[in-house]
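Following: one structure in structure tokens, then a few remarks.
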Amino acid sequence: MRGGDNERAAPDLEAAALLAPALTEPVASYYAGLAWQGADDRDKARTAFERVIALDGEDGDWGRQARELLGATNPHPFTLAGSLGVEHDDNVVLRGGATQFTSPDAPSVARSQSDWRGIWSIDGGLQLLDRGSVGVGVTAGYSGNAHVDLDEFDTHYPRIGGYVVDRLTPETTAQLRYEFGAAWVDGNSFLRTQLAEAGLSHAW
């Protein structure tokens with residue numbers, strides 16, 4: 001386990017827990033849970049940590065630590081991040097370095113070109129399938145803004161996608177991801193985006 005070979009360490013620790021429980025438990029099951037977690041097998045990690053809690057109780061030293069780690073073995077792990085704020089733009093109609101020309105009687109010309117707006121962004125992901133080293137999940141996001149006066153420049157940009165991740169070795173992970181998005185300005189379709197991404201990461 002110290003050498004990073006969690007897939008070999010976990011069964012050995014499980015065997016120690018079964019062969020001599022009076023001498024090894026709940027320590028063996030606790031470290032078996034850590035090893036299964038390191039081998040990316042959440043189901044077996046949960047089983048080991050739940051065994052520690054059953055043996056040591058939620059108030060025991062080992063049981064308390066196992067309870068904290070149990071949350072990291074959620075069978076459907078998810079991520080969620082968001083931001084919310086307010087900003088002031090002294091020239092709303094000047095976007096991307098090019099002025100948006102409108103007719104003389106357009107509301108955006110009649111009113112001041114500066115405005116306050118609320119801005120938001122939220123992104124999340126949920127892993128739906130976990131089969132050993134392979135995981136499949138979905139992602140979604142939504143960002144946009146809403147102006148106080150110049151609401152014809154309000155934007156909305158929702159996105160949805162999916163991913164497949166494969167843990168090739170304890171140190172190497174490969175991932176394929178696809179995402180589709182569509183943006184609206186003042187309720188009118190403005191932009192469609194597609195993102196396809198392949199990644200490979202290795203921890204030295």
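The values are calculated or read from the model by the stated rules, or taken from the named source; none is laboratory data. These figures come from a predicted structure and were not determined experimentally. We place every Cβ from the backbone using ideal geometry, glycine too, and count neighbours over all the protein chains shown. Side chains included, ligands, DNA and RNA excluded: accessible areas come from the protein's heavy atoms. Shrake-Rupley method; radii C 1.70, N 1.55, O 1.52, S 1.80 Å.
The amide H of residue 154, built 1.01 Å from its N in the peptide plane, has 147, 186 as neighbours under 5 Å, considering only residues 5 or more places off or on other chains.
Highest mobility in the GNM of the chain, judged by mean-square fluctuation with C-alpha springs under 10 Å and restricted to 86, 52, 134, is found for 86.
Summing Lys and Arg as +1 and Asp and Glu as -1 over all other residues whose Cβ lies under 11 Å from the Cβ of residue 144 gives a net charge of 0. Each residue, residue 168 and residue 148, gets one label point 7 Å from its Cα in the Cβ direction; the gap between the two is 5.4 nm.
The sum of -39500 (n - 2.57) across all DSSP H runs of n ≥ 4, divided by the residue count of the chain, sets its helix-only mean residue ellipticity at 222 nm to -8500 deg cm²/dmol. Which whole-angstrom value gives the distance between the alpha carbon centres of segment 17-71 and segment 173-202? If we compute the Cα centre of each part, the gap is 40 Å.
By definition, a body whose alpha carbon gyration tensor gives a ≥ b ≥ c is oblate when a/c is 1.5 or more and a/b is not larger than b/c, and segment 1-68 fits this oblate description.
For the chain, the per residue solvent-accessible surface stands at 62 Å², with DNA, RNA and ligands left out and a 1.4 Å probe. Between residue 120 and residue 90, the simple spin-label model (points 7 angstrom out along Cα→Cβ) gives 2.9 nm.
In order along segment 192-204, the Karplus-derived 3J(HN,Hα) couplings, from 6.51 cos²θ - 1.76 cosθ + 1.60 at θ = phi - 60°, round to 10, 10, 9, 10, 10, 9, 10, x, 9, 10, 9, 9, 8 Hz, and Gly and Pro are given as x. For the chain, the longest principal axis of the alpha carbon atoms and the long axis of helix 6-19 meet at an angle near 40°.
Helix 42-56 axis versus longest C-alpha principal axis of the chain: approximately 60°, rounded to the nearest ten. Taking label positions 7 Å along the Cα-Cβ direction at both residue 182 and residue 20, the computed distance is 6.5 nm, reported to one decimal. Taken over the C-alpha atoms, the chain has Rg and Dmax values of 25.7, 87 angstrom. With the Cα gyration tensor of segment 144-192 giving a ≥ b ≥ c as the square roots of its eigenvalues, does the rule (a/c under 1.5 for rounded; else a/b larger than b/c for prolate; else oblate) give rounded, prolate or oblate? It is prolate, given that a/c is not under 1.5 and a/b is the larger ratio. Counting only alpha carbon atoms, the long axis of helix 27-38 and the longest principal axis of the chain meet at about 40°.
Carbon and sulfur together cover what percent of the accessible area of the chain at a 1.4 Å probe radius?
Reported share for carbon and sulfur atoms: 58 percent.
When each of the peptides 29-37, 171-179 is scored by how many other beta carbons lie within 10 Å of its residues on average, the order from highest to lowest is 29-37, 171-179.
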